[in-house]
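Single-structure report; data block below.
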Amino acid sequence: MCNCGNKRSGFTAGTSATLSNSAPIKQPVQKMWPDTNFMYAGQSALTVTGNITGKRYRFSAPGEQQLVDYRDAAAMMTVPVLKRII
């Protein structure tokens with residue numbers, strides 16, 4: 001029988017001690033494109049969920065505008081009562 005288990009446990013113990021001593025570094029999220037404004041042109045309220053981010057966008061009244069994540073913008077343009085503002 002090989003002695004691989006002891007080497008593996010020693011390696012794991014060494015790396016976990018190193019990782020636990022370092023503080024996590026948060027990198028700022030850099031977006032590829034700017035987010036887009038959309039205006040609601042319907043008659044009542046509307047809630048739309050972004051298909052990429054999963055974020056919920058709530059338009060409470062006609063004419064309301066919201067900033068939509070650029071990753072969700074393509075799907076939002078398929079909603080007839082939402083108009084992209086340039």
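The values are calculated or read from the model by the stated rules, or taken from the named source; none is laboratory data. No experiment lies behind these values; they were computed from the predicted model shown. When we count neighbours, we look across all protein chains shown, and the Cβ atoms used for this are built from the backbone with ideal geometry, even at glycine.
Out of the residues in segment 20-53 meeting the condition of being among the small types (Gly, Ala, Ser) and more than 18 Å from the chain's Cα centre (by Cα), tell me which one is modelled with the lowest pLDDT.
Top of the filtered list is SER20.
Cβ-Cβ under 7 Å, sequence separation 6+ or interchain: first residue in segment 46-72 and under 19 Å from PRO34 (Cβ atoms), partner part of a loop (DSSP other than H, G, I, E, B) and among the aromatic types (Phe, Trp, Tyr). Which pairs?
Partner pairs satisfying both residue conditions: TYR70/TRP33.
Going through segment 50-78 one residue at a time, which ones are surrounded by fewer than 15 Cβ atoms within 10 Å (Cβ to Cβ) and in a loop (DSSP other than H, G, I, E, B)?
Result: ASN51, ILE52, THR53, GLY54, LYS55, SER60, ALA61, PRO62, GLY63, MET77, THR78.
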